[in-house]
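Working notes, beginning with the structure itself.
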Amino acid sequence: MAYNTLKKIFLLTLFFCFQFNTEAQNKSEINNILFIGNSLTYTNNLPELVKTKAKYSGYNIQIEVIAFPNYALSDHWRDGKIQKLISSKKFDIVIIQQGPSSQSKGKNILINYGKKYSELCKDNNALLAYYMVWPSLRYYNTFDDVIKNHELAAKENHAILCPVGKVWKKYFDTTKKFDYYGEDSFHPSKKGSTVAAQVIFSTLRKHLK
């Protein structure tokens, strides 16, 4: 009898813990996040990976993605769609991404168009975040400039920085493995996207409701 009683208490405890955890997740407020970028954003469905990681930690994230091949922040701005989306005041966080931006042209776009995004987000109660990417393996020597330019752009525009590229480089330099890269040595492998999602979620976590 004592054993059966203890077993019942144990099972009831597990049940209530499960119920509490489920209810806590259901009560989580919705965080609406807009991803703006190119193939480095949509490869392996990175936004969905971020959403899944958030869900496992009890956060409710709804995502929308505007990403096209080879697009820079200036291309999205000229299209005009993102202005309407951000102005809808629907989004809590806007994540912007373009190519490596190690050279002066990319750096200027990252900073100057980032300012436009920053002002638009501020006017519509949204937080702006930069998704720092990486150079192709062929141009690995430009990695430090990629990191520096993203850090500068985020600082100048008072934005959150998701330092994915920096995390990638530390891993590469430490392990001498380059398995975060996909077959073309530029786009991420599934492993690389999983790491990127973890970095983005970890960075944004303190800003989520």
Q: Tell me which residues come under 5 Å, amide H to amide H, from N157 once H is placed; ignore anything under 5 positions away on its chain.
A: none
Q) Given K51/K89; K55/K190; K155/K209; K55/K176; K89/K148; K90/K169, which pairs have Cα atoms separated by over 29 Å? A) K55/K176; K89/K148; K90/K169
Q: Return the FRET efficiency for the residue pair I30, K84: r is the Cβ-Cβ distance, R0 is 22 Å, and the value is rounded to the nearest 0.05.
A: 0.60
Q: Just grab the label-to-label distance for F68 and Q198, each label 7 Å out from Cα along the Cβ direction, in nm (one decimal).
A: 3.4 nm
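Work out the FRET efficiency for S185 and D123 from their Cβ-Cβ distance, taking R0 = 30 Å, and round it to the nearest 0.05.
So the FRET efficiency works out to roughly 0.15.
In whole percent, and with a 1.4 Å probe on the protein chains, what portion of the accessible area of the chain is carbon and sulfur?
Values: 6380 of 11570 Å².
Roughly 55 percent of what the probe reaches on the chain is carbon or sulfur.
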Q: Could you grab the relative contact order for the chain? Cα pairs under 8 Å, six or more apart, rounded to a whole percent.
A: 21 percent
Q | Sequence of R205, R138 when ordered by accessible area, the most exposed leading, probe 1.4 angstrom | A | R138, R205
**Q.** Value of [θ]222 nm, deg cm²/dmol, for the chain, DSSP H segments ≥ 4, -39500 (n - 2.57) each, nearest 500
**A.** -17500 deg cm²/dmol
**Q.** Backbone N within region 90-108 under 17 Å of label point (7 Å from H207 Cα along the Cβ vector)
**A.** 90-98
Q.
Suppose every Lys and Arg Cβ carries +1 and every Asp and Glu Cβ carries -1, with no other charges. What dipole size does the chain come out with about its Cα centre, to the nearest 20 debye?
A. 400 debye
Q | Cα principal axis extents for region 38-86, largest first, Å | A | 37, 23, 10
Q: Based on a Kirkwood Rh over C-alpha pairs, give the Stokes-Einstein translational diffusion coefficient of the chain at 25 °C and viscosity 0.890 mPa s in µm²/s.
A: 134 µm²/s
Q.
Taking 0.36 nm per residue of sequence separation and subtracting the Cα-Cα distance, how much length would be gained by fully extending the chain between R138 and Q103, in nm to one decimal?
A. 11.1 nm
Q: On each of the three principal axes of the Cα atoms of region 51-138, give max minus min coordinate, whole Å, ordered largest first.
A: 39, 31, 19
Q. Within the chain, what percent of beta bridges assigned by DSSP are antiparallel, to the nearest 5?
A. 5 percent
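The values are calculated or read from the model by the stated rules, or taken from the named source; none is laboratory data. Being a predicted model, the structure only gives us computed values, none of them experimental. No Cβ is skipped: glycine too gets one built from the backbone with ideal geometry, and neighbour counts run over all protein chains shown. All accessible areas refer to the heavy atoms of the entire protein, side chains included, with ligands and DNA or RNA removed. Shrake-Rupley method; radii C 1.70, N 1.55, O 1.52, S 1.80 Å.
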